[in-house]
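Here the structure is laid out as structure tokens; the discussion comes afterwards.
The values are calculated or read from the model by the stated rules, or taken from the named source; none is laboratory data. Everything numeric here is computed off the predicted structure, so don't read it as measured data. Cβ coordinates were reconstructed from backbone atoms using ideal geometry, including for glycine residues, and neighbour counts include every protein chain displayed. Side chains included, ligands, DNA and RNA excluded: accessible areas come from the protein's heavy atoms. Shrake-Rupley method; radii C 1.70, N 1.55, O 1.52, S 1.80 Å.
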Amino acid sequence: MKNHFATFLIALALGVFPVLQAQAHFVWIESDGAQSRVQFGEFGDNLREVSPGRLDSIAPTTAIVVTRSGQKDLTLTKTANALVAKITAGPGESIIFDANRQPVAEKTIDGATVRTAPTRSARFVSDFSAQTPQLTLDIVPTGRKLGTRVEFQVVFRNAPAPKLKLAVLAASGWERPLETDEKGMFLADFPWKGVYVIDAKHDEAVAGKRDGHAYDKSGFRTTLSFALAAGLESPPAPPVLTPKPVN
């Protein structure tokens, strides 16, 4: 009981509160030290899509590991609930996944149909060493800290993404909303042990065509994930959610 109370007090001090998330699906990467898993679903809700099912809609256009000496392609194997690579990121390295050929999605709002070309991407880092942005919408650590807070930058099309809203998520189901500054920078604390996902999205109101289908805008969703061995014991994760059947 004391440990749970101490965790609650830390959460209050950091402005971090449990929430019930209502967010669209995204991809993120987890690693157990021997292999990496590209997941699709809602991390904070403990929902991971499966195959056969919605996981099948995530086909990689890029899957690489970035080292200090260069980069190499990853071979991903589809399992029941993830795309798996038998490799992980070493010190100062990243694993990058990009799926930018998903089908155009249509949504009707107030009688108007909006067609969106989605891109889902993810980056996993082994530590907070500075990384070079590579994804269209990318979140990277800068290698700097301010006290216990870690600095990151969000970049869109190779330029800083100012005033972009994002969220820091933990496996326990809480999130902390943040916003980048004028240079696309933000600082974040991570009080608990375990896996974290930083989630950002950005829409680009430029029409075009994808695989012969017209769209009105592009929707980019990207994550940065990592695992911390130090910190408070994390509150438990919410119950596993079963994916809905695909009609």
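Some observations on this one:
- Ignoring aspartates and glutamates fewer than eight residues from LYS72 along the same chain, the ones with Cα atoms less than 12 angstrom from its Cα are GLU93.
- Size estimate for region 87-140 follows the Kirkwood approach: the inverse of mean 1/r over distinct Cα pairs works out to 13.5 Å.
- Debye, to nearest 20: dipole size of region 39-96, +1 on Lys, Arg Cβ, -1 on Asp, Glu Cβ: 220 debye
- Charge tally around LYS78: other residues with Cβ under 15 Å, Lys/Arg +1 each, Asp/Glu -1 each, net +2.
- Relative contact order of region 84-142: 35 percent, from C-alpha pairs under 8 Å at least 6 residues apart in sequence.
- Counting lysine pairs in region 134-247 that sit 8 or more residues apart in sequence, or on different chains, and whose Cα atoms lie under 19 Å apart gives 10.
- Share of Cα-Cα pairs in region 98-177 lying beyond 15 Å, as whole percent: 70 percent
- With at most 16 neighbouring Cβ atoms within 10 Å, loop trypsin sites (Lys or Arg not before Pro) (DSSP) excluded, longest segment of the chain: 1-67
- Contact order normalised by residue count of region 51-174, Cα under 8 Å, 6+ apart, percent: 17 percent
- Using alpha-carbon coordinates, inclination of helix 2-14 to the longest axis of the chain, degrees: 60 degrees
- Counted charge near HIS213, where neighbours are those whose Cβ lies closer than 15 Å (Asp, Glu -1; Lys, Arg +1): +3
- Protein heavy-atom accessible surface, 1.4 Å probe, per residue over the chain: 52 Å².
- Assigned charges on the beta-carbon of Lys, Arg, Asp, Glu; region 46-188 dipole about Cα centre (debye): 140 debye
- What the Kirkwood sum gives for the chain is a hydrodynamic radius of 18.8 Å, with every pair of different alpha carbons counted.
- Put a plus charge on the Cβ of each Lys and Arg, a minus charge on the Cβ of each Asp and Glu, and nothing anywhere else: the dipole of the chain about its Cα centre is then about 220 debye.
- Rounded, prolate or oblate (a/c below 1.5 giving rounded, otherwise prolate when a/b exceeds b/c) for region 134-247 by Cα gyration tensor: oblate
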